[in-house]
Each structure stands twice: as C-alpha cells, then as structure tokens.
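Presented below is the structure to which this report refers.
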Amino acid sequence: MAPTVVYVHGNGNKPAETTLKRIWDEALFGGPAGDRSRMAYWADLRYPAPLPDHETDELAMAPGGEEGVADDELHPEELVVEAVMQAHAETLLETPVTAGGGVAEEAVPGAALDSWVRDMAYVADALVRGESETDEEAVPLPKAARVAIFRTLVKRTFTDVYAYFFGGSGEGMRERVRDALDAVHGPVVVVSHSLGTIIAYDVLRERSREVPLLVTAGSPLAVQEIQDLVTHPLRVPDGVTAWRNVCDARDLVALDKTIRPEYPPADRVRDFLVVNDSGNHHDIGDYLRTAPVHDAVAALLA
C-alpha cells in the first residue's frame, strides 16, 4: 500500500486549510494530490481568521517596514525584547526587562528560549547587512524589505513556539496532528515545517506508527533550547524508517543545521543543506521543491 502524505505546517497565520493543502501539493507534486495527502491544520487555534487565499504567509510579511521600525536598521536588542514581550503578553504573563534590554533570568517559564531568539535576531542583522558567516549572498531585496521580513519571522516564530511550550496551545496543536494521522489507514509520510517539525516529532514519539519517511524542513529541533523542551530522550521516533532534515544555511529558525548527531540511531537520519531563495529563506514552498524532499517522497508514492 502506497503511503499517504500528512503535512504539518509551521508558525504564523495561514490561508484556509484547503488552500494551504493545495499550495503544499503544488510545491511537492506539481498539482493537486487529492487523497494522497492531508493537512494537519492548527493555525485556527492561534489566529482568529485565515489569510486571504491569494496570500502566502511570506507575502503577508509586509516588505515596506513596520510601524516604529527604522527602514534601514534591525536593532537586534530591541527585536529580542519585542519578541519576548509579545510572546509573554499573549499568555498573560508580565516579563521584567533589565536596564540593558535583556529579560530577567528565570522570570518566566520560557526564559530558556531567550538565547535562541537572541541568536535569531543577530543572524537576521548579519543577513540584512550582508555579513552572514555563510557563503550565500544577502536576500536580493531592498534593505527595508529585508528588515521587515526578518523582524516578522523572528517575532512570529518565537511567539508561536512559546505558545506551544508555555502558552497552553501545545495540546491542541498535537491533537490536530493525531487526528490527521488517525484518519489514515496504512503507512504515512510526514512532511513538516518549522514549528510543525516540533509538533510532529512530539506526536510521533508518543506511539509507534509506520512512517517510511519523516521530513523536517527549516526545523529548530537541533537547537539546544528546543531540545531541552521536547520529549526525552532524544531519538528517532519508533516506526520511522528514514528521517530527512533539510535547511538553508541562512534560515533563522534552523540555527543549528544537523539533527543526525543528536537523534539516534544515526543511520536513519540524513541532513541536507539546500538552497531556499525565498525572501526569508524559510518558506515551505522552496523546501518542498528541493531534490532531497521531492525525490524521496516521489519514490515512496510511485
């Protein structure tokens, strides 16, 4: 029996479920996949209304800049404070901020994530200024557009990840993934993105399920602060035959690129450094079109 593909989307608001599934189908298969794929959709748990059908999540990041943000500056320290305050405000927690702009240690349950959002902010600043440690060029967009895109990605990612672990949203998100998996009789290929990789991993670690392929794209599962919060001990979920992890070297969310050394057995895991030339280097469409993802899924569904 050919497996069914189950998608698990990442952070940020999304178009309606049927539209989002079509977008992923077109990127991965080149057209509608029908019953061959399903979307584990959880965006409605966090956002009151979906994006308009014609907008992707990345296009919703207005490239013209944000209110109160200088068009040509990123200001990493200010971005960290904004992201942390926004995340805690959504969960009705007050976060003391030190005079130097940092968040007081152990002030809130999510303090362990602070270094991750700080690293994201500084990498974003380096990319905007064209000073990234990678050999890749900066995004070919005006500086103001790059500032807006990367600021939005950092804040949105941190806010949704915080809500998953500390804001009471985690169980609802995991339940959507369980429901999508339970609706499939037979093997499943799980294709996940960003925060969705964390949700998929946690659900697959709960119980054994026949998964010939797990794909994680733009995943923070190699980030130490995330590993401290997910299911322990770290390992390939039971039932997963092969795990392919793909990321772009410029992806802010996937600051640590290699999952293989941290999740045994290593012979089931492969890390791929790919090119994602979307505006934020994190867009799922570009990841789904890469050979390590497309070819592996196509071979299983042939």
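Give the lysines whose C-alpha is closer than 27 Å to that of Lys143, dropping any in the same chain fewer than 8 places away, or say none.
Lys14, Lys155, Lys257
What is the order of Ser194, Ser278, Ser37, fewest Cβ neighbours within 10 Å to most?
Ser278, Ser37, Ser194
Among residues other than Val161 whose Cβ falls under 13 Å from its Cβ, what is the net charge (Lys/Arg +1, Asp/Glu -1)?
Around Val161, the surrounding residues sum to -3.
Can you compute the label reach from Glu210? Point 7 Å from Cα along the Cβ direction, backbone N cut-off under 16 Å, restricted to the range 281-302.
Taking a point 7 Å out along Cα→Cβ of Glu210, the residues of the range 281-302 whose backbone N falls under 16 Å are 300-302.
Taking 0.36 nm per intervening residue step and subtracting the Cα-Cα distance, what contour gain separates His294 from Glu26 on full extension?
Gain on stretching His294 to Glu26: 95.4 nm.
Every number in this text was worked out from the coordinates using simple rules, so none of it is lab data. Please read all numbers here as calculations on a predicted model, not as lab measurements. In this analysis, Cβ positions are derived from the backbone assuming ideal geometry, glycine residues included, and neighbour counts consider all displayed protein chains.
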